[in-house]
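Peer 1: The structure under discussion is supplied below as structure tokens; questions concerning it will follow.
The values are calculated or read from the model by the stated rules, or taken from the named source; none is laboratory data. The structure displayed is predicted, hence computed values, not measured ones. As a convention, Cβ positions derive from the backbone with ideal geometry for all residues, glycine included, and neighbour counts pool all protein chains shown.
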Amino acid sequence: MKETIQFSAKETDKRLDKSIANHFQDISRSRAKTLIEDKLVTVDGEIKKPKYDLKCGDEVVVNIPEPKKLNLDPENIPLDIVYEDEDVLVVNKPQGMVVHPSPGHPYHTLVNALLFHTPLSNINGTFRPGIVHRIDKDTSGLLMIAKNNDAHKSLSKQLKDKSNIREYVALVHGNINEDSGKIDAPIGRSKKDRKKQAIVDDGRNAVTHFKVLERFGEYTLVSCVLETGRTHQIRVHMKYIGHPLVGDPLYGPRKTIKGNGQFLHAKKLGFIHPKTKKLMVFEAPLPNIFNQTIENLRKRT
């Protein structure tokens with residue numbers, strides 16, 4: 001069912017797309033721009049461009065179309081399965097694959113591929129069966145998947161209790177002088193750009209431990225161990241200390257090494273098996289593009 005929302009422009013309102021995002025929490029600026037370009041927004045009854053400067057008192061009407069139905073159909077997509085038994089599955093997710101369906105990515109996700117392969121737990125919402133934790137679309141590496149609800153509860157509790165192992169490898173801008181360090185800074189949605197996370201006073205507790213693996217002058221290869229698991233945590237924390245991830249389109253500089261997004265890989269994953277109670281630890285090698293970039297940097301230094 002289509003929804004219509006509206007507001008009267010205030011003196012503080014400027015650009016149309018930005019003002020819509022500021023007035024409605026659930027609409028990002030990019031989403032507002034799309035709605036405007038699709039002629040679903042009017043200002044005093046007229047269609048305007050996203051950059052249109054609002055005047056105090058302008059009546060803005062936003063028509064939000066009915067969301068597209070998400071596709072939870074199983075899809076025969078190859079999976080890089082590192083481990084599997086009747087309770088859990090560990091998969092090495094490739095860079096570029098979204099973990100679960102969402103309005104922007106309704107199909108070809110990891111969940112679609114998993115549903116073709118095996119039954120999954122169903123206690124984490126309709127569109128996230130089996131998903132205990134997530135990594136970003138352009139982050140590669142290891143994820144643990146629950147095949148039944150008992151396994152899901154056990155793995156989720158380990159995440160909450162911070163008793164599992166999650167180690168990432170990241171290539172960052174700049175030369176980190178310290179050999180290791182701890183970043184303890186709360187993370188929440190950015191007040192300036194709702195697509196981003198940021199360090200905010202009222203954010204959720206977030207802790208990342210890092211260790212330098214190799215230095216290349218302008219770049220540093222680091223290992224990052226998560227104590228907490230906030231959205232974009234490593235990307236936000238490394239930017240916060242002045243060393244944004246190489247290739248990061250959201251938090252990194254424009255001038256960077258070309259790749260397929262941020263150079264971030266979930267290399268090591270460890271957890272207590274829900275049934276056997278034994279510690280299981282898995283590692284996944286760096287993707288080819290990551291390895292090749294490191295080799296190129298070694299040749300330059």
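Peer 1: Would you pick out the residues in segment 64-102 that are over 15 Å from Pro129 (Cβ atoms), out of contact with any Pro (no Cβ under 9 Å at 6 or more places or on another chain) and outside any loop (DSSP other than H, G, I, E, B)?
Peer 2: Ile64, Ile81, Val82, Tyr83, Glu84, Val90, Lys93
Peer 1: Quick one: what pairs do we get from segment 283-301, first residue within 13 Å of Glu218 (Cβ to Cβ) and assigned by TED's automatic domain parsing to the domain that holds Leu264, second modelled with pLDDT under 95 and not aliphatic (A, V, I, L, M), C-beta under 6 Å, 6+ apart or different chains?
Peer 2: Thr301/Gly217
Peer 1: Another one. Limited to segment 286-301, what total is found for residues that are surrounded by fewer than 12 Cβ atoms within 10 Å (Cβ to Cβ) and outside any helix (DSSP H, G or I)?
Peer 2: The qualifying residues number 1.
Peer 1: Filter segment 10-28 down to residues that are buried (at least 18 other Cβ atoms within 10 Å of the Cβ) and under 21 Å from His105 (Cβ atoms), then give me how many there are.
Peer 2: Residues meeting the conditions: 2.
Peer 1: Is it true that Val222 is surrounded by 15 or more Cβ atoms within 10 Å (Cβ to Cβ) and outside the structural domain of Pro119 (by TED's automatic domain parsing)?
Peer 2: yes
Peer 1: Does segment 95-107 contain at least one residue that is closer than 23 Å to Pro287 by Cβ, of a type outside the set (D, E, K, R), in contact (Cβ under 8 Å) with a residue 60 or more places away in the chain and buried (at least 16 other Cβ atoms within 10 Å of the Cβ)?
Peer 2: yes
Peer 1: Suppose the filter is part of a strand (DSSP E or B) and of a type in the set (Val, Ile, Thr); does Val61 pass it?
Peer 2: Yes; evaluated as a whole, the condition is true for this residue.
Peer 1: What do you reckon, is Leu279 surrounded by 18 or more Cβ atoms within 10 Å (Cβ to Cβ), assigned by TED's automatic domain parsing to the domain that holds Leu213 and among the aliphatic types (A, V, I, L, M)?
Peer 2: Here the answer is no, as Leu279 does not meet what is asked.
Peer 1: Go through segment 33-50 and give me each residue that's in contact (Cβ under 8 Å) with a residue 24 or more places away in the chain and within 23 Å of Leu250 (Cα to Cα).
Peer 2: Leu35, Pro50, listed by residue number.
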